[in-house]
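Some notes on the structure that comes next.
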Amino acid sequence: MTEASDRLGTGSRTWRVLRKRRFGLFFSGNFVSATGTWLQNIAQAILIFRLTGSTFFVALVNAAQFLGPVILAPWAGSAADRYDRRRILFVAQGSSALIAAILAVLSLLGQVTVPILVGCALGIGLGHALSVPATQALLPSLVDEEDIAVGIALNASTFNLARAVGPIAGAFVVAGLGFTWAFMLNSVSFLAVLVALFAVKPRPQHFVRSRRAPLMDSLRLVRSNSTLLLMLVVVAVVSMAADPVTTLTPVFSTAVFSRPDSFTGILVSGFGLGAVIGVSFVAHRVTASIRIVGLALGLLGAGIVCFGLSSTAEVGFVSLVLAGVGYLTAVTLATTMIHASIVEEHRGRVMAIWSMSFFGIRPLASLIDGSMESLVGPRTAALCMAVPALLLAGWILRRAAVLKS
């Protein structure tokens with residue numbers, strides 16, 4: 001088969017997966033919910049920046065939101081292997097909807113403070129920590145085995161399509177309607193994924209019958225598999241390099257580009273747009289490649305460097321588009337290789353480790369990023385956050401042939 005026909009066949013497979021009821025419903029519900037999440041992310045970043053004028057506090061609320069995987073991931077992964085994953089997701093998503101509604105009411109009453117914003121971000125983050133391993137483990141049961149890579153790419157695209165749409169929507173909602181509407185819309189958006197969870201019927205789940213389903217078993221598996229370990233490191237480095245997109249964009253909008261703080265939504269949407277472009281590339285690849293992972297990681301690092309050095313808002317926007325392409329490609333191909341390296345009974349716990357790698361690194365990354373901005377300025381902070389991605393990309397590309405074997 002020629003390369004052109006390979007691409008055509010893979011594109012047809014993408015649409016076939018989307019048309020399947022169980023995956024299509026889940027995809028649509030996740031997209032609506034993720035859009036609401038990004039709408040609130042932008043609103044809370046703008047609000048806390050207005051309340052404090054400090055990038056450190058923007059970093060603090062981001063850190064609180066991503067602290068959940070550090071706290072809950074080991075238990076959440078075991079739960080995803082032992083219990084019904086749909087029920088876990090229903091509890092997690094419903095709890096997050098309730099917290100967002102409470103924040104909307106407090107905003108309406110004018111009672112939102114920095115501790116309340118941080119506390120609500122932590123609460124939603126805990127729900128997210130519970131849902132991520134269950135979602136990642138549920139995905140393979142919603143598609144045919146040969147379509148797992150496409151399903152992972154499409155699931156990643158929901159979050160990144162939302163990253164393209166949600167921040168712009170958040171900027172307009174905050175500017176036109178206020179913060180209360182932003183928080184309430186996020187609360188309502190969770191209904192879409194709850195409806196989808198009721199409607200989808202995944203293939204039967206293989207439950208782990210052990211009382212504990214210990215995470216240590218899966219940690220030993222990761223330690224013994226060099227490819228699996230490397231891809232988890234890639235996921236962590238990708239997450240760290242992407243932190244400036246949320247932590248530094250408010251100060252870049254106002255102090256560097258001399259735009260209103262709502263321009264933060266435009267910048268973040270550029271990163272999301274790049275991620276959507278990355279989905280198109282990933283969905284047309286038949287197999288994951290370590291070399292492509294290295295190139296994508298390098299593109300992410302280079303995009304963040306260009307953003308840090310950008311002199312105009314337009315250059316900054318384009319830089320984040322390029323970074324978004326690298327981000328989505330690297331994390332999706334790495335995740336695909338992780339799924340290919342594990343058996344079903346370890347899937348929930350290994351994806352909990354994935355969650356710790358991807359989300360668990362963010363509290364530390366956000367605090368480092370925000371602290372560096374306070375000490376040396378936003379440009380230097382962005383450049384420093386890109387360094388690990390560039391170093392790992394270079395190492396992977398130099399050793400790609402050895403790693404492949």
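The values are calculated or read from the model by the stated rules, or taken from the named source; none is laboratory data. Nothing here was measured: the structure is a model prediction, and the numbers come from that model. When we count neighbours, we look across all protein chains shown, and the Cβ atoms used for this are built from the backbone with ideal geometry, even at glycine. These area figures cover heavy atoms from the full protein model, side chains too; ligands, DNA and RNA do not enter into them. Shrake-Rupley method; radii C 1.70, N 1.55, O 1.52, S 1.80 Å.
Would you mention how many residues in region 287-318 are open to solvent by less than 50 Å² (accessible area, probe 1.4 Å), of a type outside the set (A, V, I, L, M) and outside any loop (DSSP other than H, G, I, E, B)?
Adding up the residues that qualify gives 7.
Please find, within region 241-280, the residue that is farthest from residue 172 (Cα to Cα) out of those that are over 18 Å from the mean Cα position of the chain (by Cα) and at pLDDT below 80.
Once the filter is applied, the top-ranked residue is 261.
Are there any pairs, at least 6 apart or on different chains, whose C-beta atoms fall under 7 Å, with the first in region 20-37 and closer than 9 Å to residue 196 by Cβ and the second open to solvent by 60 Å² or more (accessible area, probe 1.4 Å), and if so, which?
29/195
Give 216, 184 a once-over and let me know the one that is modelled with pLDDT of 85 or more and either basic (Lys, Arg) or part of a helix (DSSP H, G or I) (or both). Walk me through it before giving the result.
Values: 216 fails: modelled with pLDDT of 85 or more.
None of the others qualify; the one that does is 184.
Given the options 50, 13, name the one that is at pLDDT below 80, in a helix (DSSP H, G or I) and not β-branched (Val, Ile, Thr). Give the steps one after another, and end with the answer.
Values: 50 fails: at pLDDT below 80.
Sole residue among the options that is at pLDDT below 80, in a helix (DSSP H, G or I) and not β-branched (Val, Ile, Thr): 13.
Specify the residue that is modelled with the highest pLDDT; the eligible residues are those in region 155-165 that are of a type outside the set (Lys, Arg) and open to solvent by 10 Å² or more (accessible area, probe 1.4 Å). Step through it out loud before you land on a result.
Going residue by residue through region 155-165, those that are of a type outside the set (Lys, Arg) are 155-162, 164-165.
Next, from what is left, pick out any that are open to solvent by 10 Å² or more (accessible area, probe 1.4 Å): 155-156, 159, 161, 164-165.
Values: 155: 72, 156: 67, 159: 72, 161: 72, 164: 69, 165: 75.
For region 155-165, the residue satisfying everything is 165.
Is it the case, given these coordinates, that residue 127 is within 21 Å of the chain's Cα centre (by Cα), surrounded by fewer than 18 Cβ atoms within 10 Å (Cβ to Cβ) and under 22 Å from residue 188 (Cβ atoms)?
On the way: within 21 Å of the chain's Cα centre (by Cα): yes; surrounded by fewer than 18 Cβ atoms within 10 Å (Cβ to Cβ): no; under 22 Å from residue 188 (Cβ atoms): yes.
Judged against the criteria, residue 127 is not a match.
Would region 72-83 turn up any residue that is part of a helix (DSSP H, G or I), surrounded by fewer than 20 Cβ atoms within 10 Å (Cβ to Cβ) and not charged (D, E, K, R)? Lay out the reasoning, then the answer.
Taking region 72-83 as the starting set, the residues that turn out to be part of a helix (DSSP H, G or I) are 72-82.
Next, only the ones that are surrounded by fewer than 20 Cβ atoms within 10 Å (Cβ to Cβ) stay: 75, 82.
So of that shortlist, the ones also not charged (D, E, K, R) come out as 75.
For region 72-83, residues part of a helix (DSSP H, G or I), surrounded by fewer than 20 Cβ atoms within 10 Å (Cβ to Cβ) and not charged (D, E, K, R): present.
Looking at (1) of a type in the set (Val, Ile, Thr); (2) more than 13 Å from residue 235 (Cβ to Cβ); (3) assigned to a helix (DSSP H, G or I), which one does residue 329 not meet, given that it meets all the others?
All conditions pass for residue 329, except number (2).
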